[in-house]
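These notes are about the structure you will find just below.
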Amino acid sequence: MASTEDEFLTQDIYEQKAMLIVEQLLEKGTIEMKHDEPILHHVPSGARFESAVNMAHFHKGWEARGEESQ
């Protein structure tokens, strides 16, 4: 169950924080991005986003659901 703090952190993602999250996920291989396309691909789920903020929100929600362990 997500705590209130987790919920706040998920809701409080601004552009700079989103870019940091996306960079970390790119390093881990959780997100991929082709050099010729500005599309972020969330590897485990297959979801695609053009916005780092949207990707960060999606990934935080995906983690909160516990799908990473499945």
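Below are the figures for this structure:
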read-out: Output for the stretch 40-61, where each listed residue is of a type in the set (A, V, I, L, M) and touching a Leu at 6+ places or on another chain (Cβ under 8 Å); value: Ala52, Met55
read-out: Complete set of residues in the stretch 16-43 that are modelled with pLDDT of 95 or more and of a type in the set (Lys, Arg); value: Lys28
read-out: Some residue of the stretch 25-34 being in contact with a Ser or Thr (Cβ under 8 Å, 6 or more places away or on another chain) and surrounded by 17 or more Cβ atoms within 10 Å (Cβ to Cβ); value: no
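The values are calculated or read from the model by the stated rules, or taken from the named source; none is laboratory data. Quick caveat: nothing in here was measured; it's all calculated off a predicted structure. A quick note on method: Cβ atoms are made from the backbone with ideal geometry, for glycine too, and the neighbour counts reach across all protein chains shown.
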